[in-house]
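Structure record follows, encoded as C-alpha cells.
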Amino acid sequence: MPTVRDLREQAGDEPITMLTAYDAPTAAIVDDAGVDIILVGDSVGNVSLGHETTVPVTVDGIAHHVGAVSRATDDALIVADMPFLSFGVDEKDSLENAGRMLKEEGAQAVKLESGPHTIELTEKMAQLGIPVMAHLGLTPQHVNQYGGYPRQGTDQEAAERILELALAHEEAGAFSLVLEHVPSNLAAEITAALEIPTIGIGAGSDCDGQVLVVNDAVGLSEWSPSFSKQFGNVREEMKSAIDDYISAVESESFPAAEHSHEESDLDELY
Ligand code: KIV
C-alpha cells in the first residue's frame, strides 16, 4: 500500500492515479486494477444516494462507505472525504470526525474542501497524525454560495488567491492537493510552486495526478461534467444484462435445470 510519504515522493515522477469508490465490489475492482488512491468522495451523495448535491452527506454516511471500501482494498491508499460542516465549525468535532475515519473505518487520510478556514485545522490534523489532502478551486460543498459549479481561478485575483491558499496548505502540512475545475495554466503554475503532489480534475494535464468519479469514468453515470471522460459503457452493459434477465424470466428460459435442484426424498409429498 502506498503511504502518504510515497505519494509525496511521487510528485513529478510517475503520474498518480486516483478514482472514487463508495462500495466494496467497486473498491475491489479499482484496487485490483492498480489505482494509487481510492477517494471515498462525498460525491457519493449525488452519484449513489440520489441527492442533488453533496451537501446532505453526513459523517455516519461517509463512515459507512469508508468501512465498505477499506474492507475490500488491499493496496490503494484510502482517503475519506469529510462531509459539509463535519469540519471547520468546531475544532474538537472536526478532529473527532476525521479521526474516526482512520481509527474506526480504515482510511489512511482525509480530504478537506479547503479555504482560509482549513489552514490551522490542516496543521493541527497533520500534527496529530491525520494526513490531509487539501482541495482547492471548485469546492462543490459551496454549491449554494456559487449557485452552481462554475470554473474557479479565472481572473488574476482569484488565481492568486488559490495559489496563496495552496502554498499555505502545503506549509500547514497537507500531503497533497486536489485542484478542481481551474484553468490548466493555473494548475501548472501551482504544481510547479508546490513540493506536494497536485491531483487534478478539470485542471489540465500538468498536475502530478488525476482523479475522476468512478461512475463517470466507467460510463455508469447518466450525466457527467464536460471535463470528465467515459472510458467504458457500464450503463449499457447493465441495461443489456437486465433486459436479458427480464426476457429470460418472461420466456421461462430462466431458471433452467442447472439453476435448480430436485430432491428425490420429497416425491412422497405429492
Ligand atoms: O467527492 C469527490 O468525488 C471529489 C472528487 C471529485 C475530487 O471531491
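The values are calculated or read from the model by the stated rules, or taken from the named source; none is laboratory data. Note that the coordinates shown come from a computational prediction; the quantities given were computed from them, not determined experimentally. All Cβ positions, even for glycine, are placed from backbone atoms using ideal geometry, and neighbour counts span all protein chains on display. Just the protein is used for accessible areas: all its heavy atoms, side chains included, with ligands, DNA and RNA removed. Shrake-Rupley method; radii C 1.70, N 1.55, O 1.52, S 1.80 Å.
The H on the amide N of HIS135, modeled in the peptide plane, is under 5 Å from the matching H of LEU112, SER114, VAL178, each at least 5 residues off or on a different chain. Expressed as a whole percent, the accessible area of the chain that falls on carbon and sulfur atoms is 49 (1.4 Å probe). Distance between the 7 Å Cα→Cβ label points at GLU236 and ASP74: 3.2 nm. Here GLU222 and GLU120 are evaluated by their C-beta separation; at R0 = 35 Å the FRET efficiency comes out at 0.30. Among the lysines of the chain, pairs that are 8 or more positions apart or on different chains and have alpha carbons within less than 21 Å of each other number 7. Could you work out which residue, out of SER176, SER253, SER86, moves most in a Gaussian network model of the chain, that is, has the largest mean-square fluctuation with Cα springs under 10 Å? Result: SER253 has the largest fluctuation of those listed. Prolate is the label for the chain, because the ratio a/c of its alpha-carbon gyration tensor axes (a ≥ b ≥ c) is 1.5 or higher and a/b is greater than b/c. Mind running the shape call on region 10-149? Use the C-alpha gyration tensor, a ≥ b ≥ c as the square roots of the eigenvalues: rounded below 1.5 for a/c, prolate if a/b tops b/c, oblate otherwise. Rounded, because the longest to shortest axis ratio a/c is under 1.5.
In degrees, nearest 10, range 0 to 90: what is the angle between the Cα axis of helix 184-193 and the longest Cα principal axis of the chain? That works out to roughly 60 degrees. Label zone (GLU14, point 7 Å along Cα-to-C-beta; backbone nitrogen cut-off 15 Å) within region 63-81: 75-77.
One compactness figure for region 151-254 is 1.58, namely its Cα radius of gyration divided by 2.2 N^0.38 Å.
Taking all protein chains into account, the per residue accessible area for region 26-109 stands at 43 Å² (1.4 Å probe). Find the Rg to Rh ratio for region 75-158, where Rh is the Kirkwood radius over alpha-carbon pairs and Rg uses the same atoms. Rg divided by Rh gives 1.01. Between SER253 and ASN144, the FRET efficiency estimated from the beta carbon spacing at R0 = 41 angstrom works out to 0.20.
Extension gain for ASP93-LEU128 works out to 11.2 nm (0.36 nm per residue, less the C-alpha to C-alpha distance). With both labels modelled 7 Å from their Cα along Cα-to-Cβ, the GLU262 to ALA193 distance reads 7.7 nm. Put the Cα centre of region 13-37 next to the Cα centre of region 57-83 and the gap is 13 Å.
Each helix, a run of at least 4 DSSP H residues, gives -39500 (n - 2.57); summed and divided by the residues of the chain, these come to -12000 deg cm²/dmol at 222 nm.
Reducing region 112-150 and region 223-270 to their Cα centroids gives an inter-centroid distance of 43 Å.
Using only Cα coordinates, the Kirkwood hydrodynamic radius of region 26-108 works out to 13.0 Å.
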